[in-house]
Amino acid sequence: MVVKRRSLNTLKPKLILLAKDRKALNYEVLRRFAEATGAVECFWRISDRSFSGCVAEVWFNELQIAGEFAGVCSDRTGVNCKLRVTSEGPAKFYVTVPCL
């Protein structure tokens, strides 16, 4: 799957989604998507803060690819997927996505 690049000037304002509109993604589907977009590593962990109880951590070497991945996943789940920078781990950037 190819992630299309979007210009910040063309983004439409999003409506605030209600809690009932949140959807956790299946981990295997998420892992395959991550591999197709060039992720370095993908694994899941239990999370007390996620509405689904689990999150996938997807690691990337490039900020732009990580940002596009987070945007696509946020659109699909209905929540903001966190993009973080770290000096430890398998890569420099990682995205957390609610999963099942």
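Which of the residues that make up the stretch 26-37 are farther than 13 Å from T96 by Cβ and either buried (at least 18 other Cβ atoms within 10 Å of the Cβ) or touching a Phe, Trp or Tyr at 6+ places or on another chain (Cβ under 7 Å) (or both)? Give the steps one after another, and end with the answer.
Here is the first cut: in the stretch 26-37, the residues farther than 13 Å from T96 by Cβ are 26, 28-29, 31-33, 35-37.
The answer is R31, F33, T37.
Going by the structure shown, is V2 at pLDDT 90 or above, among the β-branched types (V, I, T) and either within 19 Å of V79 (Cα to Cα) or not in a helix (DSSP H, G or I) (or both)?
no
Sub-8 Å Cβ pairs linking a first residue in the stretch 76-87 that is free of Cβ contacts under 8 Å to residues at least 40 places away in the same chain to a second residue that is in a loop (DSSP other than H, G, I, E, B) and among the basic types (K, R), at least 6 apart or interchain, are V85/K92; T86/K92, ordered by first then second residue.
The listed residues are V79, V58, and the only one of them that is touching a strand residue (DSSP E or B) at 6+ places or on another chain (Cβ under 9 Å), among the β-branched types (V, I, T), in a strand (DSSP E or B) and within 14 Å of C99 (Cβ to Cβ) turns out to be V58. Screening the stretch 61-100 for residues that are within 16 Å of E41 (Cβ to Cβ) and acidic (D, E) and picking the one that is surrounded by the most Cβ atoms within 10 Å (Cβ to Cβ) gives E62.
The values are calculated or read from the model by the stated rules, or taken from the named source; none is laboratory data. Worth saying up front: this structure is predicted, and the values here are computed from it rather than measured. No Cβ is skipped: glycine too gets one built from the backbone with ideal geometry, and neighbour counts run over all protein chains shown.
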